[in-house]
There are 2 protein chains.
Amino acid sequence: MTSRAPDPGRRNPRSRAAILAATRELLAEAGFRALTIEKIAARAGVGKQTIYRWWPSKGAVVFDALLALSETPEGAESGTPGTVELPDTGDIDADLRTVLRATVAEFADPAFEAPLRALYIEMITDADLAADYRRRMAAPINEAKRRRLRTAQEQGQLHPDADLDLIVEMLYAPLTQRWLLGTGPLDRDFADRLVTNALHAARAPGAAAPDDQRE
Amino acid sequence: MTSRAPDPGRRNPRSRAAILAATRELLAEAGFRALTIEKIAARAGVGKQTIYRWWPSKGAVVFDALLALSETPEGAESGTPGTVELPDTGDIDADLRTVLRATVAEFADPAFEAPLRALYIEMITDADLAADYRRRMAAPINEAKRRRLRTAQEQGQLHPDADLDLIVEMLYAPLTQRWLLGTGPLDRDFADRLVTNALHAARAPGAAAPDDQRE
């Protein structure tokens, strides 16, 4: 998955990387509420004004710090700002397995999951922050997931009536739940079973007809 | 759903109800970490020793306080301690819709969801508490869900190879995610769509064969 590269031309890449790394570390150490621009600046070895010049708020730095983890090494050059795309080899089963296995690997990486966990805890009690997260981080990614499923649907790999919005939630919510609460192993086998079963649902006749109670 | 009634004979029902109500209120007000046996006793108007005599730990009171919300009015008399059963009318579609709609209604009730939210936040950072929750609260309920699906499977309403453990997670994790993060409306329509799609997955041939990538 490629990812946003916010205004790379305007910023010193080394300072930007230091600021985002400091933000992730501090978030993992003490959570969102204790995080301040002052602490980020001190940890990153930059002036506060550098951060204020590049980001409008603490939340904006946090979201960029998490988005940066999904950037490919050449992301800033190759990516169009604001675009996220899932792989498309023409095989929806294989592509979803690739993407869900990558998500499993991200959740196993403390550098990724510790700051995200701190942010989730905050979002559970802060509806405004959760809405901001949905708009800035989750929405573009969820739209990319739905876009990939729609392409498969147009190619006849999924049922024309499949409830694609719901399929996305059934694919990812069980992963998120196991990650947040440790309710079971979070491994490739689990990712593959989710893909298999979600695609079964997406291929069934009448999948999008809740009033049609039995096919 | 009927629910556990822990040792009702040993306890004064009025004191027990007051203790559990006080626990839920305090949990919703200030979270799990700030909760103490002293505060529960003061709010419930009982002595600390009354609580220590009936419950081994703060966590045990909290779990009973949440379980008590699922008790039917006659629960203490009719329920066998430790048993939870899903409705079984012989129609798995209708029964799952009944149960998921009831879960949606519980999440809309502040008296239920506020203390549970406080507990979830704690569990996200406390693996021991999460494990205790799974063992004492989630496991009996999840086993009841799997049991109901197995009965349907034995009656030929689901595919013999259906991955029932995963179906339970695909049914409930999207509900929990919408509740925790507000990622979408949590209503009867959503509950019904989850049931429809999860049952499509459970009826597909080869549902439990992750290595069998295309049916």
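Give, as residue ranges, the helices (runs of 4 or more DSSP H) completely inside segment A:63-142 that count at least 2 residues that are polar (S, T, N, Q), touching a strand residue (DSSP E or B) at 6+ places or on another chain (Cβ under 7 Å) and modelled with pLDDT under 90.
none
Within segment B:97-111, does at least one residue satisfy the condition of being of a type in the set (K, R) and over 19 Å from B:L69 (Cα atoms)? If you could, list the steps in order and put the result at the bottom.
Just the residues of segment B:97-111 that are of a type in the set (K, R), to begin with: B:97, B:101.
Of the ones still in play, those that are also over 19 Å from B:L69 (Cα atoms) are B:97.
For segment B:97-111, residues of a type in the set (K, R) and over 19 Å from B:L69 (Cα atoms): present.
Could you check how many residues of segment A:137-158 are over 20 Å from B:G184 (Cα atoms) and touching a residue at least 60 places away in the same chain (Cβ under 8 Å)?
Qualifying residue count, segment A:137-158: 6.
Enumerate the pairs (first residue in segment B:159-183 and in contact (Cβ under 8 Å) with a residue 12 or more places away in the chain; second residue anywhere and among the acidic types (D, E)) with beta-carbon separation below 6 Å, excluding pairs fewer than 6 apart on the same chain, so at least 6 apart or on different chains.
B:P174/A:E169
Which of the following residues is farther than 30 Å from A:L27 by Cβ, within 13 Å of another protein chain (Cβ to nearest Cβ) and either in contact with a Lys or Arg (Cβ under 7 Å, 6 or more places away or on another chain) or without any contact (Cβ under 8 Å) to a residue 40 or more places away in the chain (or both): B:D109, B:D95?
The unique qualifying residue is B:D95.
Say we look at segment B:159-183 and pick out the residues that are among the small types (G, A, S) and facing chain A (nearest Cβ under 8 Å); which of these is surrounded by the most Cβ atoms within 10 Å (Cβ to Cβ)? Before the answer, list the steps.
To start, the set of residues in segment B:159-183 that are among the small types (G, A, S) comprises B:162, B:173, B:182.
Filter once more, so that each one left must be facing chain A (nearest Cβ under 8 Å): B:173, B:182.
Numbers: B:A173: 24, B:G182: 15.
Once the filter is applied, the top-ranked residue is B:A173.
Within the group A:R147, A:R188, A:R203, A:R193, which residue is facing chain B (nearest Cβ under 8 Å) and surrounded by fewer than 21 Cβ atoms within 10 Å (Cβ to Cβ)?
A:R203
Return the pair list, or none, for Cβ contacts closer than 7 Å from residues in segment B:58-69 that are surrounded by fewer than 19 Cβ atoms within 10 Å (Cβ to Cβ) to residues that are assigned to a helix (DSSP H, G or I), at least 6 apart or on different chains.
Close Cβ pairs satisfying both conditions: B:K58/B:I37; B:L69/B:F112.
The conditions are (1) modelled with pLDDT under 95; (2) more than 8 Å from every other protein chain (Cβ to nearest Cβ), and A:R214 fails exactly one of them. Which is it?
(2)
The values are calculated or read from the model by the stated rules, or taken from the named source; none is laboratory data. Fair warning: this is a prediction, and the values are worked out from it, not measured in the lab. A quick note on method: Cβ atoms are made from the backbone with ideal geometry, for glycine too, and the neighbour counts reach across all protein chains shown.
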